[in-house]
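Visitor: Dropping a structure here in structure tokens format, bear with me for questions.
The values are calculated or read from the model by the stated rules, or taken from the named source; none is laboratory data. Everything numeric in this text was worked out from a predicted model, so none of it was measured. Please note: Cβ atoms are built from the backbone with ideal geometry, for glycine as well, and neighbour counts cover all protein chains shown. Side chains are part of the model used for accessible areas, which takes the heavy atoms of the whole protein and leaves out ligands, DNA and RNA. Shrake-Rupley method; radii C 1.70, N 1.55, O 1.52, S 1.80 Å.
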Amino acid sequence: MRSWWWKILAGILICYTVIGGLLLPVPRLDILNETIRNLYFHVPMWFTMIFLFAGAFIYSIKYLSSGDLQDDIYAVQLTNTGIFFSILGMLTGMEWAQYTWGEAWSNDPKQLGTALCMLIYFAYSILRNGIKDDEKKAKISAVYNIFAFAMMIPLIFILPRMVDSLHPGNGGNPAFKKYDLDSNMRIVFYPAVIGWVLIGSWIASLKIRAGLVSFNRENEILFSFEKDKK
Amino acid sequence: MKAKLTFATIALLLITTTVLHAQTEMADTMRSNGKIYVVVAVLATIFAGIFAYLVYLDRKITKAEKK
């Protein structure tokens, strides 16, 4: 059994987020009303996605320098888990937008930027599945992953901030931190982010380990075949 | 004792916020009759289920790794 402490910590933090996020006091704002509590659940999805994509980016670079297919497994599974969290973030964001901005999709710059980013990462999966040779697949998708991460930064962090957006902290809108994210919300929001990042890493680590197990098995089989030939 | 104290603090905070800013509509009635705790319990159960499932998968993979 690997070290369990951070997994248990993740569980405790999320439980605290669910309980504290629904029961602790929040600022009273018109239009947002109680939906301000979505901040504890919607935003951590994006933090987790960025964290996982950053991990995939690092492992893609690592693969290119080492050529070890195990690094490729890390990069792929981190990306897949990141895509999963981006879908959760997008769906929760649209649900929230439906009731506060009036419509689920309002072509908000941040929505568009994120949608583009998601499409780029979807294309990553499609690209991978289109290549049969393992080495080639790993190399091309590693290069693609690096570019995808480099595209994500301006799409999510820079472009939406340069134009008017409905999202707080962009364009003319004030950031939550100015007065909305008061100290009452911080004590739930930060643990929520840490908790969800840990949960995301856990899911990714499970997929990676499963991938490594089947990778090693295939290698054993190949190895035994080669032995038989000799 | 500690749980009671936390509960009292939360209740006190809720009451003070209710009294101070009654103008914006919030789910105060939901809290006043206590039913919000049901929702919290449901969400906590769902998360506990997901957590348990992750633990199960983790153990299964650990077993597969040892083979």
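Visitor: Could you count how many Lys pairs in chain A have their Cα atoms under 17 Å apart, skipping same-chain pairs fewer than 8 positions apart?
Guide: 4
Visitor: Still on this model: Chain pair B, A: how much accessible area is buried, both chains summed, with a 1.4 Å probe, in Å² to 100?
Guide: It comes to approximately 2800 Å² buried between B and A.
Visitor: Going by average Cβ neighbours within 10 Å, how do the peptides B:44-54, A:22-32 rank, with the highest at the top?
Guide: Most protected by this proxy first, the peptides run A:22-32, B:44-54.
Visitor: A further question follows. Enumerate by residue number the trypsin sites (Lys or Arg not before Pro) in the stretch A:95-148 meeting two conditions: DSSP loop (anything except H, G, I, E, B), and at most 15 other Cβ atoms within 10 Å of the site's Cβ.
Guide: Taking the stretch A:95-148 and a limit of 15 other Cβ atoms within 10 Å, the loop trypsin sites (Lys or Arg not before Pro) found are A:Lys132.
Visitor: Any chance you could check the Cα centroid distance between the stretch A:202-230 and the stretch A:41-80 for me, in angstrom?
Guide: Here the answer is 20 Å between Cα centres.
Visitor: Quick one: which of A:44-52, A:157-165 comes out on top by average Cβ neighbours within 10 Å, and what's the full order, highest first?
Guide: Packing order, densest peptide first, comes out as A:44-52, A:157-165.
Visitor: Moving to a separate point now. What does the accessible area per residue of chain A come to in Å², with a 1.4 Å probe and no ligands, DNA or RNA counted?
Guide: Averaged over the residues of chain A, the accessible area is 51 Å².
Visitor: What is the distance in Å between the Cα centroid of the stretch B:34-67 and that of the stretch A:82-116?
Guide: Each part's Cα centre sits 27 Å from the other's.
Visitor: Let me ask something additional. Rounded to the nearest 500, what is the 222 nm mean residue ellipticity of chain A from helices alone, with -39500 (n - 2.57) per DSSP H run of 4+ residues and division by all residues?
Guide: Per the formula, -26500 deg cm²/dmol.
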